[in-house]
Each structure stands twice: as C-alpha cells, then as structure tokens.
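What follows is calculated from the coordinates using simple rules that are stated; it is not laboratory data. Remember, predicted model here, so these are calculated numbers, not experimental data. All Cβ positions, even for glycine, are placed from backbone atoms using ideal geometry, and neighbour counts span all protein chains on display.
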Amino acid sequence: MTRISLATLLLFAVFKLHAATNVEWPAYGGAPGGGHYSTASVITKDNVNTLEHAWTHRSGDFRGGVQNLGEELDMQTLKTRPSSFVGTPIMVRDTLYYCSPFNQVFALDPATGEERWSFNPKVNMDDEAITNCRAVSSWVDKKQPDAICGHRIILGTLDARLIALDGKTGQTCKDFGTDGEIDLTEGLSEHSAMEYSITSAPAIIGDHVITGAFVLDSNRPNVPSGVVRAYNIRSGKFLWGWNPVHPDHPQVDSDGNFISGSTNVWSTISVDEKRGLVLVPTGNSSPDYYGGDRQEHLDYFSSSVVALDVNTGKVAWQFQTVHHDIWDYDVPAQPTLVDLTIKGLTRPAVVQVTKMGMTFVLDRETGKPLHPVSELPVPQQGAVAGEYLSPTQPFPVKPEPLHQLGITPDDAWGFTFWDKNSCRDKLAALQTGPIYTPPSLKGTVFYPSNLGGHNWGAPAIDPKRQIMITNTKHIPVEVKLAKRADCPDGLPFPQNGSPYCVIMTPVVSPLGAPCTAPPWATLDAIDLSTGNILWRVPLGTLEKIAPWPIYHFIDGGIEMGGPMLTSTGIIFIAATSDGYFRAFDMDNGNELWKAELPTSGNAVPMTYVYQGQQFVVIAAGGHFTSPLESADHLIAFRLPNQTK
C-alpha cells in the first residue's frame, strides 16, 4: 500500500469517526413524527449544571416593543405590534438553519453561530397580522445529496409562498415551481394577505412536501379554504389537495377554488413514511365562537386528528377531539408518533395533547383509542340564540387530564382577602361551570382557556421510557359574545357575517393576577403506558412581573413554548415570562440548571452534537403572551472547556 493511499484511508476513517459523533436535529419536532427527543448524551444530569453560553446569533429581523395581552387590538395595531420569535432551528449536514419572525432564513456554523448565508423572501409585513415562523424543513436527495439543490431547505412564508433553497448556498432552486417558489394563494377564494399565512414547517415524506396554513381566526365565515396540499419537492408540481369538508361534499366550488370556510391546519403536520400516512391536526371552523350558521360539511373535520394517504390525500381515519367546537379548542400541537406498550400489547400510536389539557392516545393505523375514551354529557344551557350544542363530548379516561375541567366562583383566589373577594364577585357575575359551558352574552369563563391547557409547543416524549413531558397553562379567560349592533369597531375577532362578535379578556384581580390559584403554569410527566401522572411541578416564577417579595412566594407563571428531552433524562424548557432557560430531571421534576435569557424564550429548544460537542439552542425573542421585550436572540449553550 502506498503512502498516499494509506493517508487517504486514514483521512476517510477520521471523517467517518467525526461524522459518527454528530447527532442531528433534522426536523422541527426532532423527527418527522415529532417527540422533541434527542439521543444526544454528552450533557448528563451530572454535568448539566456547568452549561455555559457558547454563542449568540442576532438576525436584526424583528419588531421591538412590549406586548400587551389584555389590550383590545384593532387590525391596524395587529400589523404594528411587537414580533414573536418562536423559531426552532434544525441541524442537518453540518449546518444549523432557522427562520426569523419575518421569514428570513439563516444558515449558521453549528460550532460558532457564524453566519454562512441568509435569504430574505421580502415579505411585506405591512400586509401581515402575525409574525410566526416555527421552523424550516429539510430534504436530501438520496441519489445526489451534494449536487446543486441536492439538499433543499423548504420555507413557508407569511405571504403564502413555498420556497426551496439550496442548503449550501441559500440560492433558490429554480426547478421548483416558478423560479424556486410556489404561490399558495392559487386555488383559494378571494382574501386579504393577512388572512392566509404559513406559520409551521412543511412536512416532508419521500419526494412530497406537504403544507397546511394559518387562516385568520374569527374574522368571517367564508375565510379561505383550510386545504392541505402536497407538491413534488423536486419540481414543485401539485400532487393533491385535501379540503377538510364532509367526504360527500364537493371540495371545490364552481370557479375551481377549494371550498372556503373549511377548517385549517395551522400547526405542525407529522408523517409516517413506513405506513405512508400524513397526520394532520385540524383547527375549529370559522367563526370560532359561534357555530349556529355553520354548515355540517364545514364542521365535519373540525378539531380532529386526521390521517391521510400520502399518495392520494384521501382520508384513512379521523378522530374528533371536540364536537361542534365553539371554544377555539382546536388541535394545537403536532401529532406525536411513538410505539407504546399498553397492557402488554405494543402498537404504533399517535399521542395528541389538546388545549383542554386532555391527551388522546390513538392507534396510528386505525385511529381508535388505545386508552379508553368516554362520550359524556356536557352543559346544554346558556348558549346564545341561534346556537346549538353537542350533547356529549369525548373525555379520555386515561391519561388523566392535566387541567381542572371547569370553574366556579368558589375557585376564586387572591393575594389578599380583598382581591380574592373581588375575583369571587367577578366570577359570580359571569357564566361559569364545567368545561364546554358555551360562550354567552353575559360572558363565559373558559377554564381551560382558548390558549390551553396545552398549545403548539407540547409535548416531548421519551420513546424508550414511554413518558410524556408537557407544559400546561392554568389561566382563566372571559369570552363574551356581543350582538352585531353592539359590536365596537376594530375588534381583532369581529366574526363578521355572523350575529355576534367576540371580546376576550383574561380574568384577573385588581392587582393583575389571575383569579385562580397558582401555579399558573406546570411542567407535567405522564406514563403513557398506564396513563398515570408521574409528577407535576410549577413552571416559572413571577420574577420580572410582580414586585419583590411577592414573586418569591408564588411559583408557576405565564408561559408559552415547549419542552425538549434528551436520552440522558434531561428536560430543557424556557417558555416562562421570567426569562429563564431551565433544565429539569425527568425522573422527578427537580430543577438541575437555569440561565437567564435577554428576554423570554417562547420557542421549543433543540439540541445537537457537532464535532463531539453537544449544544442546546433556544430562541429568546418574546411572544404576544409575554410581558417582556421582543427581540432576536438565538442562543446556544454547551459544556465548558470542550475542544474541537
């Protein structure tokens, strides 16, 4: 063997060893079926408390200021309010990719955070009402991965485009659609720009790229279609569209557009390549809080988990989590795919958390519950004129609910007798009762609220231990309907075209605290094989919100975001309005580490191993539920004294 061939062999061996040390995070949820789980094992319970700042990347692509959740916003204010940075990066083929609130894409060196390239789709933000970009998606051509556009980064934009970028250079892939992009407004009824946006990462399965869309809440009944569409990822050719209308009803209108008013799929889609399934979480039909005028074909797939055939878009099965949803309890989180052993039988499962704080565990092949679900009677009184109610709703027997299901004046809480009595009076003046008490002219307290319970950041699941970790909100909200003649101008949720508009207000005391007992946020662990709660701990504090010393005595603050898990049994989560990033012990919920962020980190964190070093990354840029400043910090942490 010559010296040259020996050197080549040694270099190849070193390259293979280096590649083997890398652990990627190739999709928003860590995997095409979600789970927010990584096999990375460099960071352990013994060393996590030594994590330190590694690097920060700042895009400059944000709108600063402090949000005000209680502010009644008109449409113009919506377009100028501070941005929300909820992006979770992906790490694929030695590069980190993420999107900013305004859809710029950045490619970074995973070790240093140094910018390799950026792409600006030039979205006109004056036309947009929302600033969410949860993630980009990645596709690698198995035959020619190193060719131009052999690795594609797929971006969905707020102005309804699907764009393919070359992973190496950030240049558009000209063979995709028209000059690298697809106009997703084609096939939709007439609408304004702010009514239709892509906010979640498109799903990738084989050579298919699949996307739904966010459709503006509670604006009008005939909003653009919530169609889910599949395209060829090489050419951008349209493959199929599934419009969530009754199977016996036409999917398109006389103009060839997808029927408007159908429920949308705004959250993250999962895929099961082995079974050729696309798992979609649907929203509730528009307008969200009044369904008296809804046609049955538009309500049929509302607030459901639906499995579609990847080749045809046809429905394989459906499970509805809320019947005739008038509470905006749409399915907010990615359906999480995991194999579960229940009563000795192992089955491919779909785990679906909900805004109600309920978790449905379904058979992935049939959609039938793997843990029992009961149809139970729900309130039938208190609805506005013209409304109708489902007599029953599905309640999972297991897993146990992670939220109190309803509220009465006896649940009032306060720092003092004075504000507790004020909260009691406030609750007594409103319509209260069990979950699914309908919206009313008097004002109905939603508890769980329409923010959850759970939302888009949950859950994380350890597939080996079959344990789910989720963050749960416990804050009451008043939802009040008003007759059309009494509706003020400029409401963000006008429900135009229906008899009622809607006004939403957090139910808080004169001191500004929620009128229910803390903790107002919890971190929860459930054994998915038994459905039992393993532990619950408060998540966050009132630091930076309440004055000293009050925040020392109250645990569990306002949160929005989600958790991530590692194989070493560590939970990472930011989410809280106190602006900390924390690590918890998966076995008991004990806090192991925390770091103060420049502002709240309202995104799902991710982790990866690159050149033997494990990094944990969180976007710290605020959210409309956070009282802290909006910003643009993408921050990485790692263990100290690591060498390349």
Which lysines have a Cα less than 18 Å from the Cα of LYS480, not counting those fewer than 8 places away in the same chain?
-> LYS426, LYS442
Enumerate the aspartates and glutamates that LYS174 could reach by cross-link, defined here as Cα to Cα under 13 Å, with residues fewer than 8 away along the same chain left out.
-> ASP166
So the angle from the long Cα axis of helix 417-428 to the longest Cα principal axis of the chain, reported in degrees to the nearest 10, equals 80 degrees
Above-threshold pairs, the threshold being 22 Å between Cα atoms, out of LYS343/LYS464; LYS122/LYS142; LYS368/LYS398; LYS168/LYS274; LYS274/LYS464; LYS274/LYS314 = LYS122/LYS142; LYS168/LYS274
Cα lying deepest toward the dipole's positive end in the chain, options ILE533, TRP266, GLN320, charges on Cβ | ILE533
Any idea what angle helix 3-21 forms with the longest principal axis of the chain, computed on alpha-carbon atoms, 0 to 90 degrees, nearest 10?
-> 10 degrees
ASP255 versus GLU375, label points 7 Å from Cα toward the beta carbon: distance in nm?
-> 3.8 nm
Work from the charge dipole of the range 437-596 (Cβ charges, +1 for Lys and Arg, -1 for Asp and Glu, about the Cα centre) and give the residue of LEU592, HIS474, ILE461 farthest towards its positive end.
-> HIS474
Around CYS173, with a cut-off of 10 angstrom between Cβ atoms, what is the net charge of the other residues, counting Lys and Arg +1 and Asp and Glu -1?
-> -1
Report ³J(HN,Hα) in whole Hz for each residue of the range 287-301, in order, from the Karplus equation J = 6.51 cos²θ - 1.76 cosθ + 1.60 where θ = phi - 60°; Gly and Pro get x.
-> x, 5, 10, 9, x, x, 9, 5, 7, 4, 5, 8, 8, 4, 9
Give, rounded to the nearest 20 debye, the magnitude of the charge dipole that the chain has about its Cα centre when Lys and Arg contribute +1 at Cβ and Asp and Glu contribute -1 at Cβ.
-> 1500 debye
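Which values, in whole Å and largest first, are the semi-axes of the equivalent ellipsoid of the range 169-239 obtained as the square root of 5 times each eigenvalue of the Cα gyration tensor? Provide the component values of the computation, followed by the final result.
Details: eigenvalues 121, 32, 26 Å².
Equivalent ellipsoid semi-axes, largest first: 25, 13, 11 Å.
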What's the Kirkwood radius of the chain in Å, using all Cα pairs?
-> 24.9 Å
Magnitude of the charge dipole, the range 440-527, Cβ model with Lys/Arg +1 and Asp/Glu -1, debye to 20 = 140 debye
Under 5 Å between amide H atoms, partner at least 5 residues away or on a different chain: which partners does TYR610 have, H built in plane at 1.01 Å?
-> VAL23, PHE615
Using amide H atoms built 1.01 Å from N in the peptide plane, name the residues 5+ places from TRP317, or on other chains, whose amide H lies under 5 Å from its own.
-> ALA307
Which value, in nm² and rounded to one decimal, describes the direction-averaged projected area of the C-alpha convex hull of the range 521-644?
-> 8.8 nm²
³J(HN,Hα) across the range 492-508 via Karplus (A = 6.51, B = -1.76, C = 1.60, θ = phi - 60°), whole Hz, x for Gly/Pro?
-> x, 10, x, 6, 4, x, 10, x, 9, 9, 9, 10, 10, 9, x, 8, 10
Quick one: Cα centre-to-centre distance for the range 499-520 and the range 117-181, in angstrom?
-> 40 Å
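Please tell me the relative contact order of the chain in percent, rounded to the nearest whole number, where contacts are Cα pairs under 8 Å and at least six residues apart. Provide the component values of the computation, followed by the final result.
Working: 1865 pairs, mean separation 99.0, N = 644.
Relative contact order comes out at 15 percent.
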In nm, what is the difference between 0.36 nm times the number of residues separating ASP109 and THR80 and their Cα-Cα distance?
-> 7.2 nm
Evaluate the Debye formula for the range 371-515 with equal point scatterers sitting on the alpha carbons, no solvent, and hand back log10 of I(q)/I(0) at q = 0.14, 0.16, 0.20 Å⁻¹, in q order, two decimals.
-> -0.81, -1.00, -1.28
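First select every other residue whose beta carbon is under 14 angstrom from the beta carbon of MET91; then total the charges, Lys and Arg +1, Asp and Glu -1.
Values: positive: ARG93, ARG116, ARG638; negative: GLU24, ASP94, ASP109.
Cβ neighbours under 14 Å give a net charge of 0.
Over the residues of the range 88-128, compute the C-alpha Rg and express it relative to 2.2 N^0.38 Å.
Details: Rg = 11.6 Å, N = 41, 2.2 N^0.38 = 9.0 Å.
Against the compact-globule rule of thumb, the ratio is 1.29.
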Using a 10 Å cut-off on Cβ atoms, rank the peptides 343-350, 151-158 from the highest mean neighbour count down.
-> 151-158, 343-350
Rank SER200, GLY357, PRO110 by how far each Cα sits towards the positive end of the charge dipole of the chain (+1 on Lys, Arg Cβ; -1 on Asp, Glu Cβ) and give me just the farthest.
-> PRO110
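Suppose every K and R has +1 on its Cβ and every D and E has -1 on its Cβ; what is the size of the dipole of the range 524-644 about the Cα centre, in Debye to the nearest 20? Show your work: numbers first, answer last.
Numbers: 6 positive and 12 negative charges, 71 e Å.
I would put it at about 340 debye.
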Exposed-loop-free span, longest in the chain, where GluC sites (Glu not before Pro) count as exposed if DSSP calls them loop and at most 15 other C-beta atoms lie within 10 Å | 274-644
If amide H atoms are modeled at 1.01 Å from N in the peptide plane, then the residues at a separation of 5 or more from LEU340, or on another chain, having amide H under 5 Å from its own are ARG347, ALA349
Which value results when the Cα radius of gyration for the range 454-588 is divided by 2.2 N^0.38 Å?
-> 1.31
Tell me, what HN-Hα J-couplings in whole Hz come from the Karplus equation 6.51 cos²θ - 1.76 cosθ + 1.60 at θ = phi - 60° for each residue of the range 83-100, using x for Gly and Pro?
-> 7, 10, 9, 10, x, 10, x, 10, 10, 9, 6, 6, 9, 9, 10, 8, 10, 8
